[in-house]
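Chemist: First the structure, then my questions, so here it is.
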Amino acid sequence: MNENHLSTAVCPFCKKYISVSEPIYTHINAAYDSDALKRVISGNANRVKCNLCGEMFYYEHNCGIYNYEKNYAICCICDGTPPPQYKTALFNILKKQNMKLRQVNEFIHLIEKVRIFEFNLDDRVLENVKYKYIECTHNIQKNAKIILTNAESNAMVFTVYDEYDRETARHRVNLDAYWKESIHLADETITGCVTQWRKVDMEWAKALHKS
């Protein structure tokens, strides 16, 4: 695990420069750093409290997390730089043609991806569930983020956040919806000469249903 001890941040609420005392994760090997993984899954990693207005927010900084045992790698790109590229021959050698390579642009989405993959779920299925069972049936604001936050014995719990990552609503979807949506998607494998970091999000789900 790598930490970037960044000393300042701009609070998205009061718009002031503040000091940062919390360690900021920039690179996590989830298979070997269980403490960092737990902090990511719980939503506490890269969480900063403004020492001026008291609001909490995620420190948006480029961050990568991977777990080759669980077959996923996620890069959070906040500054517009391209994600790293690897020859797919590497994954042939590692026998990892089913690796899930994902790109997100906010830390809250990285958190959700980690939750999904650590529990052996398919994020493509979850995005379809969000679109069909939440966005299309509830009054969801344009900039809202629908995030998987918990799983109960027979239901998935999704929390809706506003643009400042503040909770605005919660919705439960029966677990049967996951299995119903999963039958429509083929297995995902790595193809091409270099790795492709996919953006699997609500826009992906909407495009899928329009095709």
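The values are calculated or read from the model by the stated rules, or taken from the named source; none is laboratory data. In this text, all values refer to a predicted model and were calculated from it rather than measured experimentally. With ideal geometry, Cβ positions are generated from the backbone for all residues, glycine too; neighbour counts draw on all protein chains shown. Just so you know, the surface numbers come from the protein's heavy atoms only, side chains and all, with ligands and any DNA or RNA stripped out. Shrake-Rupley method; radii C 1.70, N 1.55, O 1.52, S 1.80 Å.
Chemist: Within the range 1-103, report the GluC sites (Glu not before Pro) that DSSP leaves as loop and that have at most 13 other Cβ atoms within 10 Å. The partial results should precede the final answer.
Modeler: Details: sites: Glu3, Glu55, Glu60, Glu69; in loops: Glu55, Glu60, Glu69.
Here the GluC sites (Glu not before Pro) that fit, given the DSSP loop and packing criteria, are Glu69.
Chemist: Another question, if that's okay. Using the Kirkwood radius built from alpha carbon pairs, what does the Stokes-Einstein equation give as D for the range 1-77 at 20 °C and 1.002 mPa s, in µm² per second?
Modeler: Details: Rh = 13.2 Å.
Result for D is 163 µm²/s.
Chemist: Using 7 Å Cα-to-Cβ label points, what is the Gln97/Tyr17 separation (nm, one decimal)?
Modeler: 5.3 nm
Chemist: Please list, in order along the range 98-106, the HN-Hα scalar couplings obtained from phi with the Karplus expression 6.51 cos²θ - 1.76 cosθ + 1.60 (θ = phi - 60°), rounded to whole Hz, x for Gly and Pro.
Modeler: Here the 3J(HN,Hα) series is 9, 4, 9, 10, 10, 10, 10, 10, 9 Hz.
Chemist: So if the hydrodynamic radius of the range 94-187 is defined as the Kirkwood radius over C-alpha pairs, what does Stokes-Einstein give as its diffusion coefficient at 20 °C and 1.002 mPa s, in µm² per second? Each step should come with its number before you reach the end.
Modeler: Numbers: Rh = 14.1 Å.
Calculated translational D: 152 µm²/s.
Chemist: Filter the cross-link list Lys38/Lys199; Lys38/Lys96; Lys49/Lys96; Lys15/Lys130; Lys38/Lys100; Lys100/Lys145 down to pairs whose alpha-carbon distance in this structure exceeds 27 Å.
Modeler: Details: Lys38/Lys199 24 Å; Lys38/Lys96 24 Å; Lys49/Lys96 39 Å; Lys15/Lys130 32 Å; Lys38/Lys100 20 Å; Lys100/Lys145 22 Å.
Lys49/Lys96; Lys15/Lys130, as the Cα separations exceed 27 Å there.
Chemist: State the dimensionless ratio Rg/Rh of the range 49-155 (Rg: radius of gyration of Cα atoms; Rh: Kirkwood radius).
Modeler: On the way: Rg = 16.4 Å, Rh = 16.1 Å.
Using only Cα positions, Rg/Rh for the range 49-155 is 1.02.
Chemist: Which whole-percent values make up P(r) of the range 160-211 when all C-alpha to C-alpha distances are grouped in 10 Å steps starting at zero?
Modeler: The percentages, shortest bin first, are 15, 35, 35, 14, 1.
Chemist: Expressed in whole Å with the largest first, what are the equivalent ellipsoid semi-axes of the chain derived from the C-alpha gyration tensor as the square root of 5 times each eigenvalue? Walk me through the numbers on the way to the answer.
Modeler: Working: eigenvalues 149, 113, 47 Å².
In descending order, the three semi-axes are 27, 24, 15 Å.
Chemist: Counting only DSSP beta bridges with both residues in the chain, what percent are antiparallel, rounded to the nearest 5?
Modeler: Details: 28 of 37 bridges.
For the chain, the DSSP antiparallel bridge percentage is about 75.
Chemist: Check Arg198: other-chain or 5+ apart residues with amide H under 5 Å from its amide H, H built from backbone geometry?
Modeler: Counting only residues 5 or more places away or on other chains, the set is Leu101, Arg102, Gln103.
Chemist: May I pose another question? When the Karplus curve 6.51 cos²θ - 1.76 cosθ + 1.60 is applied with θ = phi - 60°, which whole-Hz ³J(HN,Hα) does each residue of the range 141-148 get, with x for Gly and Pro?
Modeler: For the range 141-148, the Karplus-derived couplings read 5, 4, 8, 6, 10, 9, 10, 5 Hz, x marking Gly and Pro.
Chemist: What is the spin-label model distance, in nm, from Trp204 to Asn29 if the labels are put 7 Å beyond Cα along the C-beta direction?
Modeler: In this crude spin-label approximation the distance works out to 2.6 nm.
Chemist: How compact and how long is the range 63-124, expressed as Rg and Dmax of its alpha-carbon atoms in Å?
Modeler: 11.8, 32
Chemist: Let me ask something else about it. Within the chain, what's the longest run with no trypsin sites (Lys or Arg not before Pro) in a DSSP loop and at most 13 other beta-carbon atoms within 10 Å? Give the range, please.
Modeler: Working: sites that count: Lys15, Lys16, Lys95, Lys142, Arg166, Lys199.
Result for the longest clean stretch: 17-94.
Chemist: Enumerate by residue number the chymotrypsin sites (Phe, Trp or Tyr not before Pro) in the range 88-172 meeting two conditions: DSSP loop (anything except H, G, I, E, B), and at most 15 other Cβ atoms within 10 Å of the site's Cβ.
Modeler: Numbers: sites: Phe91, Phe107, Phe117, Phe119, Tyr131, Tyr133, Phe158, Tyr161, Tyr164; in loops: Phe119, Tyr164.
Counting only loop positions with at most 15 other Cβ atoms within 10 Å, the chymotrypsin sites (Phe, Trp or Tyr not before Pro) in the range 88-172 are Phe119, Tyr164.
Chemist: If you rank His138, His171 by how much accessible surface each has, with a 1.4 Å probe, what is the order from largest down?
Modeler: Working: His138 80, His171 30 Å².
Ranking His138, His171 by accessible area, largest first, yields His138, His171.
Chemist: Residue-wise, which Karplus ³J(HN,Hα) couplings in Hz belong to the range 149-159, taking 6.51 cos²θ - 1.76 cosθ + 1.60, θ = phi - 60°, and x for glycine or proline?
Modeler: 10, 6, 9, 9, 4, 9, 8, 9, 10, 10, 10
Chemist: First compute the accessible area of the range 40-163 with a 1.4 Å probe, then give the percent of it belonging to carbon and sulfur atoms. Walk me through the intermediate numbers first.
Modeler: On the way: 2780 of 5680 Å².
On the range 40-163, the fraction of accessible area on carbon and sulfur atoms equals 49 percent.
Chemist: Which value in nm describes the separation of the simple spin-label points at Leu175 and Thr137, placed 7 Å from the Cα toward the beta carbon?
Modeler: Taking the simple label geometry, Leu175 and Thr137 are separated by 1.8 nm.
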